[in-house]
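These notes are about the structure you will find just below.
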Amino acid sequence: MKEEKIKVRKKHLTTANKPEPEELSLKYHSYYKGKIEIGLKAPVRSYDDFAIWYTPGVAEPCRGIKNNRERVFEYTNKGNSVAIVTDGTRVLGLGDVGAEAALPVMEGKTMLFKYLGGVDAFPICLATKDTDEIIEAVKWIAPSFGGVNLEDIESPKCYYILERLREELNLPVWHDDQQGTALVILAGLINALKVIGKSLSEIAISLIGAGAANMNVAKYMRIAGAKYENMIMTDSGGILNADRGDVKGDKNKWKMCEKTNKEGRRGGIKEAMRDTDVCIALSTPGPGVIKREWIADMAKDAIVFACANPVPEIWPWEAEEGGARIVATGRSDFKNQVNNSLGFPAVFRGALDVRAACITEEMCIAAADAIARYAEEKGINEGNIIPKMKESEMYVCEAVAVGMKAIEQGVAKKKMNREELEEEARKKIFGKTMKAF
């Protein structure tokens, strides 16, 4: 493992003796004591102002909201607040680390929400792993928030939690490990297929890993035009097929057993990847989970998304040596980074700005299309299929696409035209966040 890290550093870092992020992370986290704090929006010119912002003046907006609950969006920050909720059971590639150990990741998420989308997010790490208790906890705190981002909750309970909360709360709820991952991968795949000249409706796809992320990737690809029968999915037990009675207790896996793998393939990852045009891996951190020779068995001009973190299932150069024409990972130090940060800040920005009651699958597909279109307009090629995090204008385009789709579908409480929505998104994204730079 140490030799592999040295190889990565020599081959891909351009600055000599550049410290690795892991070497700096503990030092910086300890120095700053975390990454977030509470700031003030309203001015305090003197102590007399507290008579306005607090007692006795604050009683007036309280009365106003009591008489009309929708005024909470006018008098408070609810409309720009998102709860990031986790039980710490599936954090990054670390697994079940617990609520306290999940907090650094959730704080990092709040930074991305604010910096990229102008959204005020708050980490909520729950001291329970019980599904019903998590649902109740979110419902209890919902009055304070305009949206809920479920994060790093293990499968399969994450499906049930999302389904219940979407049904029972009248505000946007989504699970970033499902919807966020899926829409960003779809955006990258749309452009990768354009580069190589293949159609989503015709390609064969191998999906390595059958967790929440790849389940939603399969769903979004199907909505966008791919066919379930042309997909082959694996879990730790091998290829999902009609003989996998061991997964009948997991309704999502069993559905994939019934819908995918029209050839009835058996075996493991090697057999799943054979002759497929695209491989999307969201499984166990590598390297070595996927072999170079298995890439060689794929179709010509193969596309490989090796998205495990912190180490992809196969190193990008090994995939290329095996014959892959386009390779993407979740890492910023490799080309074609497929990262959820391209999705969730703008999706919530658009949903919050139109006061959407939910985040629909169509809103997520609109986000994916907006990401792909932005990159295509800038120019795409094998090493540049998706925008980079620093391309701030992309978040505006994506937020507008999400908001317009919500209005079109009738789930938006606030009606705006495209110009108004763009102005609102731009104000929030480039407002207070960017003034210091």
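As a check on your grasp of the helix formula, calculate [θ] at 222 nm for the chain: sum -39500 (n - 2.57) over DSSP H runs of n ≥ 4, divide by the residue count, round to the nearest 500.
That comes out to -13500 deg cm²/dmol.
Return an integer: the convex hull volume of the alpha-carbon atoms of the chain, in Å³ per residue.
Normalising the Cα hull of the chain by residue number yields 160 Å³.
Pairing the Cα long axis of helix 157-168 with the longest principal axis of the chain, what angle in degrees results, from 0 to 90 and rounded to the nearest 10?
40 degrees
Could you work out how far apart the two model spin labels at N417 and W317 are, taking each label as a point 7 Å from the Cα in the direction of the beta carbon, and quote it in nm?
5.4 nm
With an 8 Å cut-off on Cα pairs and a minimum separation of 6 or more residues, tell me the relative contact order of segment 202-319 in percent.
27 percent
For A127 paired with E229, estimate the spin-label separation in nm (one decimal), with each label point 7 Å from Cα along the Cα-to-Cβ line.
About 5.4 nm, to one decimal.
For segment 183-203 and segment 339-367, write down the distance between their C-alpha centroids in whole Å.
21 Å
Taking R0 as 25 Å, what FRET efficiency do you get between F50 and N77 from their Cβ-Cβ distance, rounded to the nearest 0.05?
0.90
Loop-only check: which trypsin sites (Lys or Arg not before Pro) in segment 13-105 are DSSP coil with at most 10 other Cβ within 10 angstrom?
Listed in order of number, the matching sites are K33, K41, R45.
If we count every other residue with Cβ under 10 angstrom of A306's Cβ, Lys/Arg +1 and Asp/Glu -1, where does the sum land?
Net charge around A306: -1.
In percent, how large is the relative contact order of segment 172-437, given Cα pairs closer than 8 Å and 6 or more residues apart?
So the answer I get is 18 percent.
Going by alpha carbons, how many degrees (0 to 90, nearest 10) lie between the helix axis of 2-12 and the longest principal axis of the chain?
In the chain, helix 2-12 runs at an angle near 80 degrees to the longest axis.
So which chymotrypsin sites (Phe, Trp or Tyr not before Pro) in segment 92-194 end up in coil per DSSP with only 10 or fewer other C-beta atoms within 10 Å?
Hits after loop and neighbour filter: nothing returned.
Starting from the Cα-Cα distance between H29 and K139, subtract it from 0.36 nm times their residue separation and give me the gain in nm to one decimal.
36.5 nm
Against the longest principal axis of the chain, how steep is helix 418-430, in degrees 0 to 90 to the nearest 10, with axes from Cα atoms?
It is inclined by approximately 90 degrees.
Which is the longest part of the chain that has none of the GluC sites (Glu not before Pro) sitting in a DSSP loop with at most 15 other Cβ atoms within 10 Å?
Of all site-free stretches, the longest is 38-201.
Taking the alpha-carbon distance from K139 and a cut-off under 24 Å, which lysines remain once sequence neighbours fewer than 8 residues away in the same chain are dropped?
K66, K78, K109, K114, K129, K157, K413, K414
Between T181, T55, T234, where does the largest GNM mean-square fluctuation fall for the chain, given springs only between Cα atoms within less than 10 Å?
Largest GNM mean-square fluctuation: T55.
Output the pairs from K390/K428; K388/K427; K219/K253; K388/K428; K253/K405 with a Cα-Cα distance over 24 Å in this structure; if there are none, say none.
K253/K405
Given the C-alpha centroids of segment 19-92 and segment 214-263, what is the distance between them in whole angstrom?
Value for the Cα centre distance between the two parts: 41 Å.
Could I have the simple spin-label model distance between E70 and E20, label points 7 Å from Cα toward Cβ, reported in nm to one decimal?
The modelled label-to-label distance comes out at 5.5 nm.
Compute the Rg to Rh ratio over segment 30-171 from the alpha carbon atoms, using the Kirkwood formula for Rh, and round to two decimal places.
My calculation puts Rg/Rh at 1.03.
Read the figures in this text as sums done on the coordinates, not as results from a lab. In this text the structure is predicted, and so the values were computed from the model without any measurement. Methodologically, a virtual Cβ is constructed for each residue, glycine included, from the backbone with ideal geometry; neighbour enumeration extends over all protein chains shown.
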